[in-house]
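I have placed the structure first, in the form of structure tokens, so that the comments after it can refer back to it.
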Amino acid sequence: MATTLRTPRTTSTTRTTRTTGRGGRRFSGALMAAPALILFGLFGLVPLVGVVALGFARWDGLGSIGWSGAANWSSVLTDGATWQALWLTVKVMVISWLVQTPLALALGVFQAPHGRLRSLFAVLWFLPLLLSAVAIGLTWQALLDPSFGIGATPGLHWLARPLLGSPDLALYTVIFVIAWQFVPFHALLYQAGIRQIPTELYEAAAIDGAGPATRFLRITLPQLKYTMVTSSTLMLVGSLTYFDLIFVLSGGTGGPGTATRVLPLAMYITGFQSHDMGRASAVATLLVAFGLGLSLLTTRLSGFTRMDSQQEGL
Amino acid sequence: MSTTLTRTRTGAGKDDGADAAGRPVTARRAPWPHRAATALRRAVTGGAALLWTALVVVPVYWLVVTSLRSATDFTTASPLAPPGHPTLANYRTVLDGDFATYLLNSAVVTVATVVFTVVAALMAAFAIVRNSGSRWSRVTFRLFLLGLAIPLQAVIIPVYLLIIRMRLYDSLAAIVLPSVAFALPITVMILVSFLRDVPRSLFEAMVVDGAGDWRMLISLAAPLARPALVTVAVYDGLQVWNGFLFPLILTQSGDKAVLPLALTLYRGQFGIDVPATMAAVVLSTLPMLVVFVLARRQLVAGLTAGFSK
């Protein structure tokens with residue numbers, strides 16, 4: 001480990017001393033940034049390049065690695081399963097956004113004013129955020145069991161159906177549980193966003209005779225633009241990576257059949273169950289490209305990359 | 001940072017303004033369409049609030065109640081009825097097993113990850129802010145920004161390869177190192193935006209006093225950034241505590257399992273004994289519940305810190 005760590009350190013130091021004339025401060029700056037850069041470079045940036053490279057390799061996960069040219073790619077791109085996984089991923093992404101955004105906005109609006117009752121609500125709503133995806137998955141899986149789950153309650157028999165076991169319903173059930181896990185977080189974002197809207201704006205609008213609906217549409221929503229873009233970015237990019245929950249809910253298969261086999265699951269199954277790391281890396285490369293493209297697009301729209309303070313705009 | 005701003009900003013006067021919920025600021029004039037709109041919006045947000053509360057509370061209640069049922073009670077009783085004869089036997093079953101090992105593993109991984117991440121990120125953020133004019137500072141900042149967009153699922157195969165080649169496979173360090181790497185971008189971002197708002201004159205004053213960068217980092221930046229450090233520590237801690245993919249891929253043996261991975265082992269081990277599995281779920285969540293009770297503010301602040309500005 002020590003040997004691997006040493007190489008990037010020296011390169012980064014020499015690079016900085018070369019570009020600066022005023023030694024000392026820049027040097028200590030480089031030294032301070034070094035641990036973070038090395039760790040992030042080694043496990044973040046190197047794998048990013050590595051995954052592309054491995055997409056052209058043959059590797060079973062244990063033995064030696066050999067080159068296979070474009071074989072993985074031609075097989076991945078001509079495989080209907082890849083396109084189905086991509087389609088499911090897009091479906092989960094779009095439906096999740098449509099479900100979660102209005103809910104999170106409504107809950108955030110409700111949560112924003114301070115008050116005893118509202119903070120009690122907020123405490124309850126917070127609970128899903130404390131549970132791991134695995135805990136949530138196991139709980140819902142047992143809760144939705146057609147024989148012993150919630151459907152056995154008198155009056156709730158309509159829930160006694162294979163919500164996770166039927167190919168037609170499983171994806172929607174998964175999307176519902178994903179919303180259960182993530183809506184509280186996005187509601188918190190909206191709540192924080194709403195609380196930052198200057199009260200003066202509302203006071204001025206009220207003096208001008210604007211009603212609550214007008215105020216909501218003309219002040220609250222436009223002022224939440226940044227929050228909305230942030231929340232949407234996190235939702236869209238995040239939905240590419242729903243793995244833990246779907247893994248647990250489907251017992252590691254992305255099933256029933258392939259009904260919930262989104263891209264990350266397809267990658268996991270190809271790589272770690274079928275031991276074809278090359279093909280899995282090709283699938284993962286699609287995921288990387290998709291993720292980077294999406295966040296590039298949304299950050300372009302939101303100005304998330306700006307280094308200046310957001311507060312200045314007010 | 002943003003959250004501290006939020007709090008001071010909203011601390012006073014926001015409640016009576018309260019327009020987010022649609023209450024009029026001045027009750028002077030409320031013609032009919034306005035009142036109808038208010039009522040409608042209250043109904044929508046209030047209805048959503050109630051529905052959502054039920055959706056959250058019912059599963060959590062069921063989880064706790066089920067963990068207190070005996071196996072026969074579970075198969076015969078109505079799922080939402082309180083248990084006829086509540087029993088802690090399921091908890092005993094879980095605790096008699098290797099739960100302590102899993103708990104310890106989770107604690108070690110979480111503490112190590114948080115400490116490494118926060119220290120490395122603070123140093124990096126300080127360096128970025130102190131040299132903010134220079135090209136490498138901008139490049140470094142952009143690199144971490146790029147890191148926010150790398151889905152860890154997508155690069156897990158090369159990470160797995162690296163860990164094998166470093167001979168770390170199936171160790172706790174195998175979880176810690178990549179966890180630190182993927183916690184760094186957001187942590188650095190938050191700390192940079194915090195330190196950037198520290199007045200330049202404070203640093204200049206220390207320069208005049210002859211302080212070097214390390215002195216400034218330790219005796220100025222670190223104490224000033226304390227609230228932000230707590231926030232990111234809590235956020236990173238929650239993420240790592242609940243993390244599943246790295247443990248799943250990078251460890252193998254039972255004695256290296258962390259809690260989320262152990263939960264899936266329990267399911268295999270207990271099979272149809274749902275109450276025991278649910279007891280394990282409850283037990284695995286208890287530590288976070290304790291953190292929540294002790295530090296709710298920091299937890300909420302931590303969750304939104306990086307994203308709400």
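A Förster radius of 56 Å, combined with the Cβ-Cβ distance separating B:Thr87 from B:Val207, puts the computed FRET efficiency at roughly 0.25. A helix-only calculation puts chain B at -23500 deg cm²/dmol for mean residue ellipticity at 222 nm, using -39500 (n - 2.57) for each DSSP H run of at least four residues, averaged over all residues. Counting only DSSP H runs of at least 4 residues, each contributing -39500 (n - 2.57), and dividing by the residue count of chain A, the helix-based mean residue ellipticity at 222 nm comes to -21000 deg cm²/dmol.
Computed on chain A, with alpha-carbon pairs under 8 angstrom and 6+ residues apart, the relative contact order is 25 percent.
What is the distance in Å between the Cα centroid of region B:55-97 and that of region A:204-230? What the calculation gives is 46 Å, centre to centre. Computed from the C-beta positions of A:Ser147 and B:Val198, the FRET efficiency with R₀ = 41 Å rounds to 0.10.
The simple spin-label model puts a point 7 Å past each Cα toward its Cβ; for B:Val64 and B:Val111 those points are separated by 2.9 nm.
Along each principal axis, taking the top coordinate minus the bottom one, the Cα set of region A:74-313 gives 66, 51, 26 Å in descending order. Across region B:98-305, C-alpha contacts under 8 Å between residues 6 or more apart give a mean separation that, scaled by the residue count, equals a relative contact order of 32 percent. What distance in nm lies between label points placed 7 Å from Cα along the C-beta direction at B:Asp273 and A:Leu159? If labels sit at B:Asp273 and A:Leu159, their model points lie 2.6 nm apart. Projecting the Cα atoms of A:Pro264, A:Ala81, A:Ala34 onto the dipole axis of chain A, where Lys and Arg carry +1 and Asp and Glu carry -1 at the beta carbon, places A:Ala34 farthest toward the positive end.
Across A:Met277, A:Met32, A:Met235, mean-square fluctuation computed from a Gaussian network of chain A (C-alpha pairs under 10 Å connected) peaks at A:Met32. Within the listed set A:Gly80, A:Gly63, A:Gly108, the residue fluctuating most in the Gaussian network model of chain A (springs between alpha-carbon atoms under 10 angstrom) is A:Gly63. Does the protein assembly as shown come out rounded, prolate or oblate by the C-alpha gyration tensor, with a ≥ b ≥ c the root eigenvalues, rounded set by a/c under 1.5 and, if not, prolate when a/b is larger than b/c and oblate if not? Cα axes put the protein assembly as shown in the oblate bin.
Placing a label point 7 Å from the Cα of B:Ser253 along the Cα-to-Cβ line, the residues of region B:159-200 whose backbone N sits under 16 Å from it are B:167-175. For the options B:Trp52, B:Trp136, B:Trp62, a Gaussian network treatment of chain B with springs between C-alpha atoms closer than 10 Å singles out B:Trp52 as fluctuating the most.
Only helices reaching 20 angstrom along their own axis (Cα) with mean Kyte-Doolittle hydropathy no lower than 0.0 count here, and for the DSSP H runs of chain A these are A:23-40, A:80-111, A:116-130, A:170-195, A:225-239, A:277-302.
Where the centre of each part is set by its Cα atoms, how far does region B:156-231 sit from region B:257-309, in angstrom? Measuring centre to centre over Cα atoms gives 26 Å. Across region B:29-87, Cα pairs under 8 Å and at least six residues apart give a relative contact order of 25 percent. Charging the Cβ of each Asp and Glu at -1 and of each Lys and Arg at +1, and nothing else, the dipole of the protein assembly as shown about its Cα centre rounds to 1800 debye. Label separation (A:Ser74 vs B:Thr76): 6.6 nm, computed from points 7 Å beyond Cα along the C-beta direction.
The numbers here are math on the coordinates, done by the rules we state, and not lab data. Here the structure is a predicted model, which means the values were calculated and not measured. Quick reminder, even Gly has a Cβ in these numbers, built from the backbone with ideal geometry, and neighbours come from all protein chains shown.
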